[in-house]
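The values are calculated or read from the model by the stated rules, or taken from the named source; none is laboratory data. As the structure is a prediction and not an experimental result, all values here were calculated from the model. All Cβ positions, glycine included, derive from the backbone under ideal geometry; neighbour counts span all protein chains shown.
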Amino acid sequence: MKSNLITKIILCGLLLNGFLASAQKNNLQVDVAKTVTKIQPTMYGVFFEDINFAADGGLYAEMIKNRSFEFLFPMMGWNEPKSDRHKLNTQSGIANVIQYSQKGTNHNYCRVTINDAYGYELINEGFRGMGIKKDLKYNLSLKASKISGNISKIKFQFIDKDNKVLGETSIVPISKDWSNYTGQLTSSATEAKAKLKITFEGNGVIDLDNISLFPEDTWAGRKNGLRKDLVQLLYDLKPGFLRFPGGCIVEGRTLAERYQWKKSVGNVEDRETAVNRWNMEFAHRPAPDYFQSFGLGFFEYFQLSEDIGASPLPILSCGMACQFNTGQLVPMDQLDPYVQDALDLIEFANGGSETAWGKVRADMGHPKPFNLKFIGVGNEQWGPDYIERFKVFQKAIKAKYPNITIVSGTGPFPDGDFYDYGMTELKKLNAEIVDEHYYKDPAWFRKNVTRYDNYDRKGPKIFAGEYAAQSVAIASPNNKNNWECAFSEAAFMTGMERNAEVVQLTSYAPLLAHVEGWQWTPDMIWFNNLQSYGTPNYYVQKLFSNNKGTDLINITLDGKAVTGQNDLFASAVKDMNSKEVILKIINAAASDQNVAIDLKGAQLDTKGMAVVLKGEGLNDENSFATPTKISPKESEFKLKGNQIQYNFLAYSVTVLKIKMK
């Protein structure tokens, strides 16, 4: 008995010695009193691009695919289940798309000829189906022109895969003139794969256009607005900026296919449908039905920025198509319209209603300016052609709008000849903010935590505009949003935060992906027609953005920044508004680490709040079945004087928050 007791005492002593040795090895010091630099409000933002069905079929809540019959194949998304085109003498009816104009923005309408008074049908399949929820209301609108005959009613019904009716409304067409009709369906069940069936009663000929269906329950209750759950996830990030509309979508595969912001404002039905550049970009995920209606256009992007408290950051074409595709160039003597687009955009955002483009904004329902502060010139362009064009934009924008900050870029890679050339030339031009992109493996993110430690403090400032750890390889369809990728990004983010004097904007990319419509992985938020969830990467972004603080302070190990010693990574801030010290500490080791943290230069509360993000294994992911498997968990911890003794779990991201007295 005595022997067992002695053994236990020895074992306890050994454990205690190991515990103390671990704490001494990892004794961190925090200087709360001294501000290193201010944290910019834009430090953590979001980057939106219409990839992965992020706009149509995603954030933009329209449920009808090809509502105006303007796709390359005009009946794409529509089918006629009771029509037999091979037996013309027996068919109940037929739908033909009529091209009435090659000018303007809306070129087609659908002419329906009904031969059978008992039910010619058209069905719209939606975007990989239509997600409807029990007892919710859905608002229908369309344009119709009754050409001839006695068509007495048009029924609109939600149906499931067994043709069971899940909601219904109808309209009575009355005029030969194009007229607007509306109706409302209430869903009797929840269904992820509903379709909209249109049934014509009577016979004759009728023309249809702009058949549209939206949930009534949209973000901020806006008619024909945005999908509520997706905007809520963005709002919860508390982003400092919203970069839009991309991404490579800005450039287009050709200049003709570039994003032209002026075509995305004004009346929604007058916006010209365009093919999405991602529809056939990757052989592993072709999406020939991927088009842009531009219902989510530049006005809506600015409005969304305002809604989620983010500074708008639009990116415009610089007259160069995607250099991974055609690399088509606008000749220098033909660049003026592109430059004018940039100047007009600033007027659209900030001009008074007495200005031409300010009036367009005001007429769309926003008389007050959007307070635009940033504009981006080009996306991932590189080489002398880019620099030559950037100079022209820089000169023109600064001459008319000297207070607008211009974002430039160094190309698609974080190093190499393209990057070196771009950064050298942009420094000569006194570029204000340079956009850098990194799509690398998780180990790269951990190894490059010190990337910005020796950047020139005099400029230019850095925008880490697109980054995401790739679990397999860049653009691989097998990339996963796994926990190793997420905590590796968190480690890298401590390096960006420690260098907040240089790095002033950061955003993960891409932002959104439809589970059945994606082209690129990984992505921060996944959704289907009914649900959405944040990945572990999303929760890392949220932790940092919700705890960005106002002032950077030093956290050190043996007098040096914590950049991977003993697999620890750290940054520290204080928030002068909430009167808190906030420590962000990543343990990238396979075992727990006990750490002593000494805080000097402030009187602190006797307890704090710990927010921990952790996966059970490196390959852990969130999913629709377990959407919060990896999500923040809160607990209290105690201080002893100005010291914290804390056990950081293996493979964890931890935020420690302590109130200052």
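Taken as a whole, the condition of being buried (at least 18 other Cβ atoms within 10 Å of the Cβ), at pLDDT 95 or above and either among the hydroxyl-bearing types (S, T, Y) or more than 28 Å from the chain's Cα centre (by Cα) (or both) applies to V330.
Per-residue answers, yes or no, for (1) touching a residue at least 12 places away in the same chain (Cβ under 8 Å); (2) surrounded by 16 or more Cβ atoms within 10 Å (Cβ to Cβ); (3) of a type in the set (S, T, N, Q):
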site	(1), (2), (3)
I586	yes, yes, no
A596	yes, yes, no
L604	yes, yes, no
L613	yes, yes, no
N622	yes, yes, yes
T626	no, no, yes
K633	yes, no, no
K638	yes, no, no
Q643	yes, no, yes
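Of all the criteria given as (1) closer than 22 Å to F241 by Cα; (2) small (G, A, S); (3) touching a helix residue (DSSP H, G or I) at 6+ places or on another chain (Cβ under 8 Å), the one not satisfied by A596 is (1). Here is the figure for segment 36-84: residues that are in a loop (DSSP other than H, G, I, E, B), of a type in the set (S, T, Y) and surrounded by 24 or more Cβ atoms within 10 Å (Cβ to Cβ) total 1. Under the condition of being assigned to a loop (DSSP other than H, G, I, E, B), under 16 Å from A491 (Cα atoms) and not hydroxyl-bearing (S, T, Y), the residues counted in segment 436-461 number 5.
Scan segment 325-337 and report the pairs whose first residue is within 17 Å of C248 (Cβ to Cβ) and whose second residue is among the acidic types (D, E) and outside any loop (DSSP other than H, G, I, E, B), with Cβ atoms within less than 8 Å and a gap of 6+ or a chain change. Here the result reads L329/D385, each pair linking segment 325-337 to a residue that is among the acidic types (D, E) and outside any loop (DSSP other than H, G, I, E, B).
Scanning segment 252-269 for residues that are outside any helix (DSSP H, G or I) and touching a Pro at 6+ places or on another chain (Cβ under 9 Å) turns up just one, Y259.
Please find, within segment 187-198, the residue that is farthest from the chain's Cα centre (by Cα) out of those that are among the small types (G, A, S) and in a loop (DSSP other than H, G, I, E, B). Among residues in segment 187-198 that are among the small types (G, A, S) and in a loop (DSSP other than H, G, I, E, B), the one farthest from the chain's Cα centre (by Cα) is S188. Residues that are under 33 Å from the mean Cα position of the chain (by Cα), part of a loop (DSSP other than H, G, I, E, B) and either farther than 15 Å from V112 by Cα or in contact (Cβ under 8 Å) with a residue 60 or more places away in the chain (or both) are absent from segment 175-186 altogether.
Is it the case that segment 615-634 has a residue that's under 20 Å from D567 (Cα atoms) and of a type in the set (A, V, I, L, M)? There is at least one residue in segment 615-634 that is under 20 Å from D567 (Cα atoms) and of a type in the set (A, V, I, L, M). Within segment 274-293, is there a residue that is in a loop (DSSP other than H, G, I, E, B), crowded, with 21+ Cβ neighbours inside 10 Å and touching a helix residue (DSSP H, G or I) at 6+ places or on another chain (Cβ under 6 Å)? Checked segment 274-293: at least one residue is in a loop (DSSP other than H, G, I, E, B), crowded, with 21+ Cβ neighbours inside 10 Å and touching a helix residue (DSSP H, G or I) at 6+ places or on another chain (Cβ under 6 Å). Here is the figure for segment 498-514: residues that are assigned to a loop (DSSP other than H, G, I, E, B) and farther than 15 Å from Q541 by Cα total 4. One residue stands out in segment 199-227 among those that are more than 22 Å from the chain's Cα centre (by Cα) and β-branched (V, I, T): the one that is surrounded by the fewest Cβ atoms within 10 Å (Cβ to Cβ), namely V205. The lone criterion from (1) assigned to a loop (DSSP other than H, G, I, E, B); (2) at pLDDT 95 or above left unmet by A464 is number (1). For segment 309-341, the set of residues classified as of a type in the set (A, V, I, L, M), touching a Lys or Arg at 6+ places or on another chain (Cβ under 8 Å), in a loop (DSSP other than H, G, I, E, B) and within 20 Å of F370 (Cα to Cα) is empty. Residues that are hydrophobic (A, V, I, L, M, F, W, C) and in contact (Cβ under 8 Å) with a residue 24 or more places away in the chain were ranked within segment 459-472; the one that is nearest to L512 (Cα to Cα) is A468.
Exactly one residue out of G495, G517 is touching a residue at least 60 places away in the same chain (Cβ under 8 Å) and not in a helix (DSSP H, G or I): that is G517. Within segment 349-371, the set of residues being surrounded by fewer than 18 Cβ atoms within 10 Å (Cβ to Cβ), closer than 19 Å to L304 by Cα and among the charged types (D, E, K, R) comprises D363, K368. Among the residues of segment 260-273, just one is aliphatic (A, V, I, L, M) and out of contact with any helix residue (DSSP H, G or I) (no Cβ under 6 Å at 6 or more places or on another chain), namely V268. The set of residues from segment 450-475 being over 25 Å from the mean Cα position of the chain (by Cα) and β-branched (V, I, T) comprises just one member, T450. Looking across segment 465-483, the residues that are more than 15 Å from Y438 (Cβ to Cβ) and not β-branched (V, I, T) come down to S476, P477, N478, K480, N481, N482, W483.
All told, L618 falls short of being over 24 Å from I308 (Cβ atoms) and in a strand (DSSP E or B). Residues considered: A596, A589. Of these, the only one that is of a type in the set (A, V, I, L, M, F, W, C) and in a strand (DSSP E or B) is A596. Is it the case that some residue within segment 367-389 is within 26 Å of R277 (Cβ to Cβ), part of a helix (DSSP H, G or I) and of a type in the set (A, V, I, L, M, F, W, C)? Within segment 367-389 (the criterion being within 26 Å of R277 (Cβ to Cβ), part of a helix (DSSP H, G or I) and of a type in the set (A, V, I, L, M, F, W, C)), the answer is yes, since at least one residue qualifies.
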